[in-house]
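For reference, the structure is listed below as structure tokens.
The values are calculated or read from the model by the stated rules, or taken from the named source; none is laboratory data. Note that the structure is predicted; figures quoted are calculated from it, not measured. Note that we place each Cβ from the backbone using ideal geometry, even for glycine, and neighbour counts take in every protein chain shown. Ligands, DNA and RNA are stripped out before the accessible areas are found, and what is left, the full protein with its side chains, is counted by its heavy atoms. Shrake-Rupley method; radii C 1.70, N 1.55, O 1.52, S 1.80 Å.
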Amino acid sequence: MKKPAKLDIDGKEYELPTVVGTEGEKGVDVSSLRAQSQCITLDEGYANTGSCKSAITYIDGERGILRYRGIPIEELAEKSSFVETAYLLIYGELPTRAQFRDFSNSLTENENLHEDMKYHFEGFPYTAHPMAILSSMINASSCFYPGLMGTRDSQRFDVQASRLISQVRTIAAFSYRKSRGLPIIYPKPLYKYTENFLHMMFSDVYLDYELKPEVVRALDTIFILHADHEQNCSTSTVRMVASSQANLFASAAAGVCALWGPLHGGANQAVISMLEDIHESGDDGSRFIAAAKDKKSSKRLMGFGHRVYKNYDPRARIIKKVCDRLLNSLNISDPLLDIAKKMEETALNDDYFVERKLYPNVDFYSGIIMRAIGIPTEMFTVIFAIGRMPGWISNYKEVVDNPRSRIYRPRQIYVGEKERHYVPVDERTAKVKKSR
Ligand code: SDX
């Protein structure tokens with residue numbers, strides 16, 4: 001029996017149970033705190049608050065460890081494929097050969113959108129951001145499968161999961177083609193997951209895209225590395241929506257919207273914009289780093305820092321190797337990579353970053369790989385969303401499969417006006433609200 005935590009509030013002592021995770025992480029269970037003491041906890045940004053117990057992904061931020069269902073990310077990046085990793089995350093075990101075959105076949109059977117979805121693409125302006133298209137088209141596609149929505153039986157869940165994993169790729173490729181005024185390219189059943197995505201993105205009606213193994217492997221590894229990351233902003237959003245018993249497509253669409261932000265998945269696009277600005281300005285990165293350290297400037301070294309990792313993000317280490325290997329094999333020398341490497345070296349030896357334990361994260365080098373493949377910058381966060389889809393689905397499943405699951409509904413500390421009364425419009429005076 002774990003020893004309870006003791007909390008003294010206004011001279012009264014309360015006991016709260018403690019929980020210990022598989023790897024020894026400790027937590028204080030405050031679910032009875034308000035009933036006992038009328039007090040709640042307050043934790044802006046949830047930096048110290050666990051929203052759930054989860055068996056999917058383990059991160060040790062201090063030691064730079066990341067494991068999916070107990071398997072180290074380094075082993076999965078080297079030995080697995082994105083489809084196999086997706087199965088592991090959703091169903092908890094690496095698939096047998098037969099299970100893998102059935103899962104792959106299900107992805108193939110579900111790779112096409114309903115043909116009427118094409119008309120939705122017509123409605124978007126060419127300038128529409130692909131993340132806006134992706135989130136709306138995920139919900140739009142669910143309208144074609146009303147029988148699937150809102151059900152929790154496992155067979156229907158399996159079809160929804162396959163449909164989402166497969167079609168997120170098709171929607172992404174179609175939105176790219178539409179944005180360039182190009183005819184859409186349909187998936188080919190004989191192609192594997194990542195091959196098919198590259199085919200739908202870059203083939204022409206008269207000429208198939210040449211699938212170079214090193215390019216396919218690099219992108220498949222990017223998908224693996226993005227597949228899950230415990231309770232990050234977008235995954236917590238998916239769990240929040242799932243907790244109201246909304247359907248899987250609605251939860252995934254909400255995850256896409258949360259991921260879009262430049263502090264989260266939008267950082268990979270922001271890193272490349274940052275490196276391009278630095279390159280065009282003739283700066284070698286040192287001027288930018290000085291600005292990123294300056295509290296008066298709003299600049300941040302994008303792709304650096306992490307809420308959990310206070311060590312090198314293990315994914316960034318792997319992506320940097322994939323980046324070097326791919327650019328060498330394609331014989332590409334990208335000045336942005338040289339700038340990024342120099343900035344990393346400078347920052348890792350600068351007290352400002354060292355004291356705050358700011359290291360490169362998953363987004364710092366991933367954009368260089370996507371540039372080398374020919375994926376446009378505005379599609380980078382969509383690539384992140386394709387990779388993260390299995391993680392969102394596995395977290396959705398963990399919420400809906402939990403018979404004790406409750407709707408997520410945090411409390412607050414109210415700091416607004418005390419009670420006051422309605423004033424007729426002719427008696428009102430304009431008040432200037434003091435900014436906080
Ligand atoms: C992802 O959560 C996940 O797991 C996310 C993710 C996933 O796989 O889902 O890993 C993917 O979102 C990676 C992060 C991508 N975002 C960026 O690269 C944007 C740049 N990074 C930062 O904005 C920031 O580091 C965050 C948002 C990632 C983390 O923010 P926190 O934990 O809220 O930290 P903070 O803003 O409180 O910063 C602490 C200090 C501050 O300085 P002081 O006030 O203490 O003096 O560090 C400074 C910050 O100013 N700081 C930075 C910085 N990041 C933090 N200063 C300059 N450049 C930066 N990048």
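With +1 on each Lys and Arg Cβ and -1 on each Asp and Glu Cβ, how big is the dipole of the range 140-272 about its Cα centre, in debye rounded to the nearest 20?
Working: 12 positive and 10 negative charges, 60 e Å.
So the dipole magnitude of the range 140-272 works out to roughly 300 debye.
Compute the helix-to-body angle for 363-373: its Cα long axis versus the longest principal axis of the chain, expressed 0 to 90° and rounded to tens.
Its long axis makes an angle of about 20 degrees.
If each DSSP helix of 4+ residues adds -39,500 (n - 2.57) and the sum is divided by the residues in the chain, what number results at 222 nm, nearest 500 deg cm²/dmol?
On the way: 18 runs with 215 residues, N = 436.
The helix contribution divided over the chain gives -15500 deg cm²/dmol.
Can you figure out the FRET efficiency of LYS357 with ARG409, using R₀ = 30 Å and their beta-carbon distance, to the nearest 0.05?
It comes out at approximately 0.35.
Can you give the convex hull volume of the alpha carbon atoms of the range 72-125 per residue, in Å³?
120
Pop a pseudo-label 7 angstrom from the Cα along the beta-carbon direction at both GLN155 and ARG97 and give the gap in nm to one decimal.
Roughly 2.8 nm, to one decimal.
Going by a ≥ b ≥ c, the root eigenvalues of the Cα gyration tensor, does the range 103-199 fall in the rounded group (a/c under 1.5), the prolate group (a/b larger than b/c) or the oblate group?
oblate
Starting with the highest mean, order 134-144, 327-337, 408-418 by the number of other Cβ atoms within 10 Å, averaged over the residues of each peptide.
Descending mean neighbour count gives 134-144, 327-337, 408-418.
To the nearest 10 degrees, how steep is helix 82-91 against the longest Cα principal axis of the chain, on a 0 to 90 scale?
Here the helix axis deviates by roughly 30 degrees.
Among the listed pairs LYS357/LYS397; LYS12/LYS310; LYS192/LYS321; LYS79/LYS212, which have their C-alpha atoms separated by more than 27 angstrom in this model?
LYS357/LYS397; LYS12/LYS310
Over the Cα atoms of the range 2-84, compute the convex hull volume and normalise it per residue, giving Å³. Don't jump to the answer; show the numbers that get you there.
Numbers: hull volume 11.1 nm³, N = 83.
Looking at the range 2-84, the number lands at 133 Å³ per residue.
When averaged across all projection directions, what area in nm² does the alpha-carbon convex hull of the range 245-346 cover?
Values: hull surface 36.3 nm².
Seen from a random direction, the Cα hull of the range 245-346 projects 9.1 nm² on average.
Which value in nm describes the separation of the simple spin-label points at ASP116 and ARG420, placed 7 Å from the Cα toward the beta carbon?
Output for this residue pair reads 5.2 nm.
Check which residues have an amide H placed less than 5 Å from PHE304's amide H, if you skip close sequence neighbours.
ASN361
How much of the calculated P(r) for the chain lies past 42 Å, in percent of all Cα pairs?
Numbers: 19590 of 94830 pairs.
Roughly 21 percent, rounded to a whole number.
How far, in nm, would the chain grow between THR429 and TYR126 when pulled straight, counting 0.36 nm per residue and subtracting the alpha carbon separation?
Result: 104.4 nm gained on full extension.
Restricting to DSSP loop positions (anything but H, G, I, E, B) with no more than 10 other Cβ atoms inside 10 Å of their own Cβ, which chymotrypsin sites (Phe, Trp or Tyr not before Pro) remain in the range 185-270? Mind dumping the intermediate values first?
On the way: sites: TYR191, TYR193, PHE197, PHE202, TYR206, TYR209, PHE223, PHE249, TRP260; in loops: TYR191, TYR206, TYR209, TRP260.
Listed in order of number, the matching sites are TYR206.
Report the accessible area of GLU345, computed with a 1.4 Å probe over the heavy atoms of all protein chains in place, in Å² rounded to the nearest 10.
120
Semi-axes of the equivalent ellipsoid of the range 200-242: what are they in whole Å, largest first, if each equals the square root of 5 times a C-alpha gyration tensor eigenvalue?
Equivalent ellipsoid of the range 200-242: 33, 15, 5 Å, largest first.
Choose one of HIS226, THR96, LEU259: the residue whose Cα lies farthest towards the positive end of the charge dipole of the chain (beta-carbon charges +1 Lys, Arg; -1 Asp, Glu; about the Cα centre).
LEU259
Only four residue types carry charge here, +1 at the Cβ of Lys and Arg and -1 at the Cβ of Asp and Glu. Report the dipole size of the chain about the Cα centre in Debye, rounded to the nearest 20.
1080
LYS431: which aspartates and glutamates have alpha carbons under 17 Å from its alpha carbon, excluding same-chain residues fewer than 8 sequence positions away?
GLU417
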